[in-house]
Each structure stands twice: as structure tokens, then as C-alpha cells.
Amino acid sequence: MTQSSDDVYALFEKAKERLNAAQEELDLAQQNMERRRQQIRDCGSYEPDSLLCLSCEGHLLANIIKYLEINDVVRCAAVCRTLKNQADGCWETIETRLLTHPCLRSPTAQSCKERVVRYLRASGFARHIGALGDNISKHAIVYQYRRFDDTMISQRVEGYCTGCNFPDLNDDYNRDEYDLFVRLSKTSNNELLAEGFTSMDWDDVLLEGLDFSKWPELLEISRLVVSLGDEFGREEGGHEYRLLHSIMRDLTVVIVAVNKLSSEPSLVVANNNFGNDRSVRDDNYGIDIMEGHGFCWARGELCTRSHGSFDESENRKNLGVTYDTRTYYDANTGEVSSKECLWKLSYS
């Protein structure tokens, strides 16, 4: 028995009505579910079917966040309270992965996130300055000898820079409000030699806490300074002197001040070419070695304003890499028990 076309169309209309009714019911159910989810989130919790519950040993999303780039972790924290809580919890993992040496951690930061952010901003800023290479020295003020009246005058170095993104110096920073960060690199290719947060002793920036494992040449010089004592560098053309000159002439030093509140970095001083150029007549430049001490001064001084004219009364900073030897004595016998070579940066 076959159905008429009218019966078929009637059944189709009934099926369509049921489908529409079911769709309306589904829409209402979905709206109701969304309201329930929002109520749970507003309470600072998460739904039972959330990704946060799909891990037996811990929150799955928290484990995923650990593998994100740091900028993506920051973005996660801005999405919602739940993601922010998970992002905050992964900074310790990021710190362990990124800050592998104690000198990379800000000594005044109060949290893992602060230590990571301060390091990234300070290191990135210093790396940007170091990438300028020899152009850094083109911002210097040098002393020029005038033959006609036998006097020395200060002026910008020959071929000086007339304008670039090399910043002015932070000349009046308060040490209580800033951390100091140092980056040492090769001038030729900006290869990192050592970096980290440092402390000061008067006008000297102490480098004894930095990791010099990537700089074997400096470790060798330190060994020679200790083993040879006063004989180190006595002969200006000798092996030790030439070794010191070779690494200093390809060295760029950048000192950065990092604001403790904003983590914003600013330039304290930078320079390069701390070796000896005999064609340059400047008593404040070059390598000077004496008993137990060494001084390697860059040529020229940096003015507070990096470009344009300068005033004679404007503050300037002359940067040098120096070392001292320290001797330790046995408390019982009074004999020498050990010696070490301590490196620091001096600017005035």
C-alpha cells in the first residue's frame, strides 16, 4: 500500500516541526549551560569538563603554559582570572630554565616574574647597544693636541656620529632606585662573553660574581696574573701584554641601570677598544700595568648627550676595565694560602 503525496508532505511538516522544536530546546539548553559556566568562572573556579581538570598529576593547561614563549605567557595572564593564576604559577619554571646563573637574577626583585622581566629587559637593551659595535666610540669626546699653542682641547672624535638610536646617558640615577646590569661582548660580532647584575664599590662596578666560562682568554689572563705576580706584563711587547691587548681591543662594555619599580633600562655608560693604539696621543687611554694592578682605558669619554654640541661643564664618563690581585694568608702560620685576580669596571 502506497501513501499519497498529501500524506508524505504532512509527515514531512511534522518532522520539520519536531526538528525546529528540538533546535529551540537545544538553543535554550546551550544558553543555560553558558550561564552556569559563567557563574562558575565568576566564582574564580573552573568547570568540571575544563582542560584544567584533564590531568591526573596537575593541571594540563599549567603544564602547557610552561612551554610557551614568555610573551605568550604574559598574554595568557591578560585573558581571564583562571589563565592568570596558571600563568603566574609557571614563572618559577621559566626562571629556572632561563636564569641559569645567580648573577642573572636581580638581587632586589621580589618574585620570579620580576627577576625574569628585569633580566630580559636589561639584557635585551644591553645587547642592542652592543650591536652598535665600533659605532659606540663615534659618540666619544676626546682630547686633541693643538700643535700651534701646545695645548689639549676636548672635541667629538673624528668621524663622530651625527644622529642614531644610541641613547643619552642616565647621569643622575639613584643607586637605591636602580639595579646595575653589565654586558661584556666582542665588538666584532656582539658575541656574549659575560653578563649579569652587579654591585658597586664606590665608583667601581664589581665583576667577581659574573660567569666567565664563555671567556677562556680572560680566565687565562687571570691565571697568569696570579702565577706570575709582579712579572705579569712587565715587558710591554711580551706574551702576557699582547694577550691582554688582543682581547681588550675587541671588547665592548655596556653598563645599564634598571629601575626597580618599572624594570625600564637606561644607559649608564658604554665603550669599546680598551687596547693600546700607539698612534693615539692621549694620556687617559691604553693599558697600564703595575704591581698587582692593571688598567685598560677606552679612548674618549661619553657625554650625557650622545649627539650634537656639548658644554665643557657637562658630565662625562671615562670607562676602564681594571683588575686587582687579592692575597689570602693562613691565620695560623701567616703564610700566603692563595691569591686571586678580581676584575671590575671603573668610570669617572
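The values are calculated or read from the model by the stated rules, or taken from the named source; none is laboratory data. Keep in mind that what you see is a predicted model, and the values were worked out from it rather than measured. Cβ placement follows ideal geometry from the backbone for every residue including glycine, while neighbour counts extend to all protein chains displayed. With ligands, DNA and RNA removed, areas are computed over all heavy atoms of the protein, side chains included. Shrake-Rupley method; radii C 1.70, N 1.55, O 1.52, S 1.80 Å.
Restricting Glu69, Glu95 to residues that are open to solvent by less than 50 Å² (accessible area, probe 1.4 Å) and either under 23 Å from Ala109 (Cα atoms) or at pLDDT 85 or above (or both) narrows the list to Glu95.
When the residues of segment 105-148 are filtered to those that are among the hydroxyl-bearing types (Ser, Thr, Tyr) and under 17 Å from Ala194 (Cα atoms), which remaining residue is surrounded by the fewest Cβ atoms within 10 Å (Cβ to Cβ)?
Here the residue is Ser123.
Of all residues in segment 149-187, those that are without any contact (Cβ under 8 Å) to a residue 60 or more places away in the chain and either open to solvent by less than 30 Å² (accessible area, probe 1.4 Å) or aromatic (Phe, Trp, Tyr) (or both) total 1. It is to be established whether one or more residues within segment 220-242 are farther than 16 Å from Leu345 by Cα, in contact with a Pro (Cβ under 9 Å, 6 or more places away or on another chain) and not charged (D, E, K, R). No, the conditions are met nowhere in segment 220-242.
So is Asp6 exposed (fewer than 10 other Cβ atoms within 10 Å of the Cβ), within 30 Å of Asn85 (Cα to Cα) and modelled with pLDDT under 85 or not?
Working: exposed (fewer than 10 other Cβ atoms within 10 Å of the Cβ): yes; within 30 Å of Asn85 (Cα to Cα): no; modelled with pLDDT under 85: yes.
Spelling it out, it is not the case that Asp6 is exposed (fewer than 10 other Cβ atoms within 10 Å of the Cβ), within 30 Å of Asn85 (Cα to Cα) and modelled with pLDDT under 85.
Which ones in segment 236-276 are touching a helix residue (DSSP H, G or I) at 6+ places or on another chain (Cβ under 7 Å) and among the hydroxyl-bearing types (Ser, Thr, Tyr)? Within segment 236-276, Thr252, Ser263 meet the criteria.
Name the single residue, out of those in segment 209-227 being over 25 Å from the mean Cα position of the chain (by Cα) and surrounded by fewer than 13 Cβ atoms within 10 Å (Cβ to Cβ), that is modelled with the highest pLDDT. Per the stated criteria, the residue is Arg223.
For segment 101-114, residues that are in a loop (DSSP other than H, G, I, E, B) and under 11 Å from the mean Cα position of the chain (by Cα) total 2.
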